[in-house]
């Protein structure tokens, strides 16, 4: 499951009583510490103190999603979207929940709404690309990854996912370059090493491929 970031208020804030605000602050601390059951209890208290305090619903959706309660998380984020239909992060997080439920089509719709509300939202492009890849829409996925890069987003996951598309399209040299960028950002992940080995083998770079396979094996990839 992709980690969802807790929000203190952002554009969801409204005038509310101090007990709801304090319970929400306490819940955010619990979320960051991985104490999800405590976070959910604190957010229940915030909502009981002020049933219209939207940050508490938003953050409870995050806590519930990370606690393995995605359907309840959807109920909370749906409530936020009903109140703030153009809030990009609410649509984005609903997309993450849908994607983790295996609902790629719904996730794409949510990410698209997030992008429509904020065209400069790189994570939404990245994860819409992931969902499109799952739907075997390689050109769409590549376009989204390129859009995220154009917005300045740099992450190991972005380069890895773009490399996977390029590799499937037979662009092995370009894929190798992106796997290398992914590794430069995070050298602890065995998958870019393994995939780069396959791309290097396709180009006849056997020695380099064997080195990558050995590194992937050492990092825990179940290489054969």
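The values are calculated or read from the model by the stated rules, or taken from the named source; none is laboratory data. Everything numeric in this text was worked out from a predicted model, so none of it was measured. Every residue, glycine as well, gets a Cβ built from its backbone with ideal geometry; the counts of neighbours run over all protein chains shown.
Here are some notes:
- Residue check for residue 41: modelled with pLDDT of 95 or more and under 14 Å from residue 22 (Cα atoms): yes
- Top-ranked residue of the stretch 166-180 - restricted to ones that are outside any loop (DSSP other than H, G, I, E, B) and touching a residue at least 24 places away in the same chain (Cβ under 8 Å), ranked as surrounded by the most Cβ atoms within 10 Å (Cβ to Cβ): 175
- A search for C-beta distances below 9 Å between a residue of the stretch 70-81 that is in contact (Cβ under 8 Å) with a residue 40 or more places away in the chain and on the phi > 0 side of the Ramachandran plot and any residue that is surrounded by fewer than 19 Cβ atoms within 10 Å (Cβ to Cβ) and in a helix (DSSP H, G or I), counting only pairs 6+ apart in sequence or on different chains, returns nothing.
- Top-ranked residue in the stretch 20-68 [being touching a helix residue (DSSP H, G or I) at 6+ places or on another chain (Cβ under 7 Å) and assigned to a loop (DSSP other than H, G, I, E, B); ranked as surrounded by the fewest Cβ atoms within 10 Å (Cβ to Cβ)]: 67
- Matching residues in the stretch 100-122 - criterion: being outside any loop (DSSP other than H, G, I, E, B), at pLDDT 95 or above and either in contact with a helix residue (DSSP H, G or I) (Cβ under 7 Å, 6 or more places away or on another chain) or buried (at least 24 other Cβ atoms within 10 Å of the Cβ) (or both): 104, 106, 107, 108, 110, 111, 112, 113, 114, 115, 117, 122
- Within the set 151, 158, the sole residue that is within 21 Å of residue 110 (Cβ to Cβ), touching a helix residue (DSSP H, G or I) at 6+ places or on another chain (Cβ under 9 Å), modelled with pLDDT of 95 or more and buried (at least 23 other Cβ atoms within 10 Å of the Cβ) turns out to be 158.
- In this structure, residue 210 does satisfy being touching a helix residue (DSSP H, G or I) at 6+ places or on another chain (Cβ under 8 Å), without any contact (Cβ under 8 Å) to a residue 24 or more places away in the chain and over 22 Å from residue 133 (Cα atoms).
- Among the residues of the stretch 82-97, the one identified as farther than 22 Å from residue 122 by Cα and either without any contact (Cβ under 8 Å) to a residue 24 or more places away in the chain or crowded, with 24+ Cβ neighbours inside 10 Å (or both) is 82.
- Scanning the stretch 183-201 for residues that are surrounded by fewer than 15 Cβ atoms within 10 Å (Cβ to Cβ), in a helix (DSSP H, G or I) and touching a residue at least 12 places away in the same chain (Cβ under 8 Å) yields a total of 0.
- In the stretch 86-99, the residues that are under 18 Å from residue 62 (Cα atoms) and not in a helix (DSSP H, G or I): 87
- Among the residues making up the stretch 203-224, a single one is more than 23 Å from residue 173 (Cα to Cα) and in a helix (DSSP H, G or I): 218.
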